[in-house]
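The values are calculated or read from the model by the stated rules, or taken from the named source; none is laboratory data. Here the structure is a predicted model, which means the values were calculated and not measured. In this analysis, Cβ positions are derived from the backbone assuming ideal geometry, glycine residues included, and neighbour counts consider all displayed protein chains. Accessible surface areas use protein heavy atoms only, side chains included; no ligands, DNA or RNA. Shrake-Rupley method; radii C 1.70, N 1.55, O 1.52, S 1.80 Å.
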Amino acid sequence: EEQQLRELIRTAGSAQELLQLSRGNALSSNLAALAIARLARLSGEQRLDTQSLRGDPRFQQLLGTLDAQISQVWNSALLQVLRSLPALGLARGGRQVRSVEQEVLWRLRRLPLHQLVQLAEQLAGQGHQGLLLPEVLRKLELRWTELEDTRTVVTLMAKVGHLSPALMERLEDKALELAEQFDPDELRRVALALALQQRRCVPLLRALSYHLLQKPAELPLPVLTDLLFAFSKLSFQQPQVLHRLALELQPHLGSLSPAQVSRCARSFASLRWLSRPLAEAMAQYCLDNAQELSITQLCGILVSFARLNFQPSSSEEFFSMIHERLQGQEQQLDVHLLTDVVWSLCVLQQPQHPHLRQVLSPEFQARLRGDSSLRAQSSWLKLLHINATARLEAPGYEGPFLPPELLGGDGDRDRDKDKEKATPLQRWLREALPGALGGHDLVRYNVSTVYGWDIDAEAVLDSDNKPLPVRDFSAPHLSHSEGTKPLPPGARRVAVLRWELPQFSSRGRELLGRGSLARRHLRAAGFLLAEVS
């Protein structure tokens, strides 16, 4: 009879069939639990009125049967009821729900691991508030060594890990152990979980990268895009992986949406990785889909190209399209985004006078004043670079320019606190240069110029390459010059620049748009450059 009733509950096609079964005393508490779970499923599928169901005396009888003998309900049925009661509209703080939660709480130690995992996933998905979820997480922390299958580990990392840092650490250890068994989609989900939780677990990321490279088949598009996003979010650069992602992403580019293309471009830019064939394909995508791309998406791709110092082969056509789309749209752009766009055009040597006038105007500066965020600080620095471009690289541009009080240019900042913050390379320069040049007065350190670029060290050499006292001469690159004498005929200023370059990039200096702009500005200002990295 029990089996027959269970089969009737399983095959019931309407709420009325289920409620009819509650008449009489034939149903056990376990069958009542199964009936409630089935009722919740039918109400979701058939969009039933849960309020009328809750008011039905037969439903109340099911709840009474469940509550009277709840200790006899099987674990699987109890977990189904825990999920079903809120779905039927019963208040989470109500007596019936609290009774079920309390019974589950008492049984936690005896639950099989797979049911504990299922319960954690269920509660996390419901945004559960109360004592049950923390207890479930604690039990998982204690039993993490029992985890053996990759699906469970990946699911917990993706759906529960953010709720318990201690559990997430255990899951990372287990994922490292099982990394060889992950399929491409599981590799994707683990990397995405780390990225969304901002957990830069380098050993695990290296293992994921290694095993990803061992997968012979072509990776699915969601794996490509999500891995690229995750690695950029975590600033994790692995050259072989990035090469493979770029290589396999290129054939799919035409099927991506404008938002996806823009996101991929930003990800590669943040990782400072340039795949020229892919970048060329992105530029062509912009030309082919110019009207489908929003102005924000187009700007994102432009800024990415500038950060990588990438000039498309169809440069003239590409930038004509950019200028055409920007015309009349500048006022709609966020002040920081517009600054980024004009800065990018400066990096790529494509600024137009109207753009320079717009961002260097007093009205535009007023929009930035009063904002102390990191984004605003970055925008002010880029305005200095744009101002330098206007002075050094824009023939015929007559203004406006930034006022002197905004230009910085502190000159020698050789103070104790700067020495404390110095990198090993900077400390080596401080020790080596005076000896090589012949005295401390022949070199100036940590020079902050009016162009927005900091020079690690500066010296002046005469026409015979002999060092001269650097502070005796006028310095147009500083806001306040210590000396007044002009440079002797044939004398040159030398700027020592230190670059922090990605180790994996053999073309690091050329890839960085910021570095390219700094070199051009300093050379235009009359400096010889000595670069160290």
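A few remarks follow.
- Pair list, Cβ under 8 Å, 6 or more apart: region 207-221 residue open to solvent by 40 Å² or more (accessible area, probe 1.4 Å), other residue β-branched (Val, Ile, Thr) and in a helix (DSSP H, G or I): LEU213/VAL241
Okay, residues lined up against (1) crowded, with 20+ Cβ neighbours inside 10 Å; (2) under 24 Å from VAL81 (Cα atoms); (3) not β-branched (Val, Ile, Thr):
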| residue | (1), (2), (3) |
| --- | --- |
| LEU105 | no, yes, yes |
| ARG110 | no, yes, yes |
| GLN122 | no, yes, yes |
| ARG138 | no, yes, yes |
| GLU141 | no, no, yes |
| THR145 | no, no, no |
| VAL153 | yes, no, no |
| SER164 | yes, no, yes |
| ASP173 | no, no, yes |
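- Conditions (1) in a helix (DSSP H, G or I); (2) out of contact with any helix residue (DSSP H, G or I) (no Cβ under 8 Å at 6 or more places or on another chain); (3) farther than 28 Å from TRP273 by Cβ: number failed by GLY370: (1)
- Within region 434-455, considering residues that are under 45 Å from the mean Cα position of the chain (by Cα), surrounded by fewer than 21 Cβ atoms within 10 Å (Cβ to Cβ) and under 30 Å from LEU384 (Cα atoms), the one modelled with the lowest pLDDT: HIS440
- Considering residues of region 72-82 that are surrounded by fewer than 18 Cβ atoms within 10 Å (Cβ to Cβ) and touching a residue at least 40 places away in the same chain (Cβ under 8 Å) only, the residue farthest from LEU132 (Cα to Cα): GLN72
- Every residue from region 20-50 that is touching a Leu at 6+ places or on another chain (Cβ under 8 Å), of a type in the set (A, V, I, L, M) and in a helix (DSSP H, G or I): LEU21, LEU31, ALA32, ALA33, ALA35, ILE36, LEU39, ALA40, LEU42
- Within region 465-510, the set of residues being open to solvent by less than 60 Å² (accessible area, probe 1.4 Å), more than 40 Å from the chain's Cα centre (by Cα) and at pLDDT below 85 comprises SER481, GLY483.
- Residue that is modelled with pLDDT of 85 or more, under 30 Å from GLN198 (Cβ atoms) and not in a loop (DSSP other than H, G, I, E, B), where the choices are ARG98, ARG138, ARG107: ARG138
- LEU293 meets the conditions (1) open to solvent by 10 Å² or more (accessible area, probe 1.4 Å); (2) in contact (Cβ under 8 Å) with a residue 12 or more places away in the chain in every case but one. The failed one is (1).
- Cβ separations smaller than 6 Å between residues 6+ apart or across chains give the following pairs from region 189-204 residues that are more than 18 Å from LEU178 (Cβ to Cβ) to residues that are open to solvent by 50 Å² or more (accessible area, probe 1.4 Å): ALA195/LYS233; GLN197/HIS162.
- Qualifying residues in region 175-193 (those that are under 21 Å from SER232 (Cα atoms) and of a type in the set (A, V, I, L, M)) - the one surrounded by the fewest Cβ atoms within 10 Å (Cβ to Cβ): LEU176
- Scope region 321-374; condition of a type in the set (D, E, K, R) and within 26 Å of SER516 (Cβ to Cβ); matching residues: GLU324, ARG325, GLU330, ASP334, ASP340, ARG357
- Filter result for GLU169 (without any contact (Cβ under 8 Å) to a residue 40 or more places away in the chain, of a type outside the set (A, V, I, L, M, F, W, C) and open to solvent by less than 80 Å² (accessible area, probe 1.4 Å)): no
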